[in-house]
């Protein structure tokens, strides 16, 4: 909690870096806010500012599939896919994370395979998965090939987060619990889970959002029906109305709800735990 | 007991290994295999060994131009994101005195990461466009009397979008490394007579190198493998190392697309290996 230097007047670098930070935040959020505002553009407004007679017409148009394509359908595939990826990412990377606390044969090769899977260009993997499904005579679909392609990218992320979390869980905590007479189950429930749980929520958040927003890995693997990012991509070339911004607002709101749930539950858990002490 | 433990470990890593095998190892192996097959119009992939796909690629001057352009983007973006990532992390870790505030500001930086990349890209249009916020602002202020054309659909806007999307990949690992630095080290250095810059150069920078290496790995590989940002933000004017792959796929020429993919993969893996040579990332991660 202590600052690097003893408390005293702030050095000039503080103000310089605070200014840099503020500019960076404006740079990060400014364009997003612009899109958010412009999605309420009225009938006489254009794709740019100023905002004229604010209305909800573009949201209305968005859910009217005649004009803008199958947005609702795409959302109806993207959400279950993201939830599926989230659940599997948590289950698989948490269990694997525990294995890596011990030395075992093949640890190095699995680790480097995971890293390679993380940094391989999404397009390369997309082609590979498509070719694999072709050779196996399977049909590509969002719940098979796209699910696998998304997992190959969310699992390494989940694993890295688990490394960071489990680094803080010293094996001596568990040993202490055993020495005090706790059973294996009690140790897991009262020692391991409380330490690991916030990290699991972080893994879940990554799993969900990485899948929900993933484009390159979905591109060739979703089969005949688009997920939401692909639908947006098609719209960027076909749709030249603020409906595109309205879609941006809708997707971002979904993301923000998910982020709020995740961060909120981490805060609640931390608070409960500190009250328990 | 030992037998039992081995079995547990095996069961714990089995699901991860199975997914990585079927959705990473097999696809990559098949891409490599197909890249040596022949392509025939209307038939598609013909399983006959050939090096033609690679020869075509290497003899095509466009390949080289595209790779050069992608490497140029990667280096520019790497430099900018490193400077931003380093100083923002430094600010959060060493200048913000309250831990809760520091974590809050860190989250402010990370939230956009969890939203859609495509939407974040598109959101530059009303800002940088000919009638966008910046041009209309400058026109109104009387600084310019013609809108700047180079703000959007140019190399400039490509770099802006990359920095916008990828700086986070620098901030998170560098922040993580810096947060682990024992603050008393800095005080010791100052007591020993080091200047502020001396501390940054000799203590903070070397101790953050794992984070910097991981960040660089993410940024470079993301830029190298990108197709969509460069296409949207350059308005189709610039290509990337993946453009050839994209074109081949439109014509269902999987073998040549696979050859492009293999070349790209080799380049990316070489970069990754170079970074891992410089810093033992694994030792730092699994402790």
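Going by average Cβ neighbours within 10 Å, how do the peptides A:214-221, B:228-235, B:209-216, B:147-154 rank, with the highest at the top?
Details: A:214-221: 25.0, B:228-235: 21.8, B:209-216: 23.2, B:147-154: 16.5.
Output ranking for A:214-221, B:228-235, B:209-216, B:147-154: A:214-221, B:209-216, B:228-235, B:147-154.
Per residue, the average separation of C-alpha pairs within less than 8 Å and at least 6 apart gives chain B a relative contact order of 26 percent. Note: relative contact order over segment A:70-238, using C-alpha pairs below 8 Å and six or more positions apart, is 44 percent. Panel order for B:277, B:38, by other beta carbons found within 10 Å of each beta carbon, from fewest to most: B:277, B:38.
Please give the calculated 222 nm ellipticity per residue for the protein assembly as shown, where each DSSP H segment of at least 4 residues contributes -39500 (n - 2.57) and the sum is spread over every residue; nearest 500 deg cm²/dmol?
Calculated at 222 nm, the ellipticity per residue is -22000 deg cm²/dmol.
Taking 12 Å as the cut-off, the amide N atoms of segment B:28-48 that come nearer than this to a point 7 Å along the Cα-to-beta-carbon line of residue B:251 belong to B:39-42.
All distinct Cα pairs of segment A:70-238 go into the 1/r average, and the inverse of that average, the Kirkwood radius, is 17.5 Å. Computed over segment A:89-141, the percent of Cα pairs more than 18 Å apart is 52. Ranked by how many other Cβ atoms sit within 10 Å of their own Cβ, fewest first, the residues A:59, B:49 fall in the order B:49, A:59.
How shielded is B:121-134 by partner chains, expressed as the average number of their Cβ atoms within 10 Å of its Cβ atoms?
Mean inter-chain Cβ contacts per residue within 10 Å come to 5.
Report note on the peptides A:249-256, B:176-183, A:18-25, B:26-33: ranked by the mean count of other C-beta atoms within 10 Å, highest first, their order is B:26-33, A:249-256, B:176-183, A:18-25. With only Cα atoms counted, segment B:44-183 has Rg and Dmax values of 21.2, 66 Å. Note that the protein assembly as shown shows a convex hull volume over its alpha carbon atoms of 192 Å³ per residue.
From the alpha carbon gyration tensor of segment B:175-287, can you work out the equivalent ellipsoid semi-axes (sqrt of 5 times each eigenvalue) and give them in Å, largest to smallest? Could you put the intermediate results ahead of the total?
Values: eigenvalues 352, 51, 19 Å².
For segment B:175-287, the ellipsoid semi-axes come out as 42, 16, 10 Å.
Remark: the Cα gyration tensor places segment B:33-285 in the oblate category, a/c being 1.5 or greater and a/b not exceeding b/c. Scaled to the globular estimate 2.2 N^0.38 Å, the Cα spread of segment A:60-107, given as radius of gyration, is 2.03. Rounded to whole Å, give me the distance from the Cα center of segment B:151-205 to that of segment B:1-69. Answer, in whole Å: 36.
Laboratory data are not the source of any read-out in this text; all were calculated from the coordinates shown. Since the structure is predicted, the reported quantities are computational estimates derived from the model, not experimental observations. Reconstructed Cβ throughout: ideal geometry from the backbone, glycine too, with neighbour counts over all protein chains shown.
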